[in-house]
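Here's the structure we're looking at; comments come further down.
The values are calculated or read from the model by the stated rules, or taken from the named source; none is laboratory data. Please read these numbers as outputs of a predicted model, since none were measured by experiment. Glycine also receives a Cβ, built like all others from the backbone with ideal geometry; neighbour counts cover every protein chain displayed. Only protein heavy atoms, including side chains, enter the accessible area calculation; ligands, DNA and RNA are left aside. Shrake-Rupley method; radii C 1.70, N 1.55, O 1.52, S 1.80 Å.
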Amino acid sequence: MHVIVVGAGIAGATTALALAQEGCSVSIIDAAPSPAMGASFANAGLISPGHCFSWAEPGVMTMAAKSLLGWGDGIGICQPWTPALLRWGALFARESTRERWLANSKAALALASYSRDIQFGTPAIPVDAYGGQHAGILYLYGPDHAPSTHDAALLRGAGEAFAQLDAEQLLQHEPLLRQARVHFSQGVYCPNDGTGDAARYAAACVEHAIRIRQQSV
């Protein structure tokens, strides 16, 4: 089977590699001359089940309304406001109930954990090819922010290891925070999360897919 993948960002590159590994002939089409030249070039590169909860959380529409009126930040909505955008907004609002947020977050957490375990378990791309590290991630919260009241229950239900840290425990865990200008009041440490360079990973995926195709010819 021959498959055409449109876009050589992180999603397109990983899709192309997975198809090549399954024996498909793959062509990737992208406007740029090399992989990950768009949004994936500066992607955060977090492999983070510990912080993958749904963005459509309870109260998000109030936050969006305040942002539109210039009373706060947190959500940016670009113009023009097309009918398609309004339909998307209605669907987004529908998913922001407590019940839907919990269900969506649980599903996202399960998928992220599965993906993380594949990423670092039997990787097709070695971690040194994209600056990968499986050393945990510390999520920080300032005085006016805090994890959702359900985050801990979701992580615990998924069997994810995590530690909730207060301000003093944060400084003990990461002494460099004593030099920070911003005061962090609490944090969550997820030791099984990881990081990497998304652009380098996309490029490595494309290169590996090409090698698979060349070896099969």
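Quick notes on this structure:
- Restricting the range 144-170 to residues that are in a loop (DSSP other than H, G, I, E, B) and open to solvent by 70 Å² or more (accessible area, probe 1.4 Å), the residue that is farthest from ALA107 (Cα to Cα) is ASP144.
- Some residue of the range 120-128 being modelled with pLDDT of 90 or more, exposed (fewer than 12 other Cβ atoms within 10 Å of the Cβ) and within 21 Å of VAL188 (Cβ to Cβ): no
- The lone criterion from (1) of a type in the set (D, E, K, R); (2) modelled with pLDDT of 95 or more; (3) in contact with a strand residue (DSSP E or B) (Cβ under 9 Å, 6 or more places away or on another chain) left unmet by ARG116 is number (2).
- Long-range neighbours under 9 Å by Cβ, at least six apart or interchain, first residue touching a residue at least 12 places away in the same chain (Cβ under 8 Å) and on the phi > 0 side of the Ramachandran plot within the range 33-58, second assigned to a loop (DSSP other than H, G, I, E, B) and open to solvent by less than 30 Å² (accessible area, probe 1.4 Å): ALA36/ALA8; ALA36/GLY9; GLY45/TYR130; GLY45/GLY132; GLY45/GLY196
- Answer residue from the range 1-26, given it is touching a residue at least 12 places away in the same chain (Cβ under 8 Å) and of a type in the set (S, T, N, Q) and is most open to solvent (accessible area, probe 1.4 Å) among those: GLN21
- Cβ pairs under 6 Å, 6+ apart, first in the range 154-168 and in contact (Cβ under 8 Å) with a residue 24 or more places away in the chain, second of a type in the set (S, T, N, Q) and not in a helix (DSSP H, G or I): ALA161/ASN192
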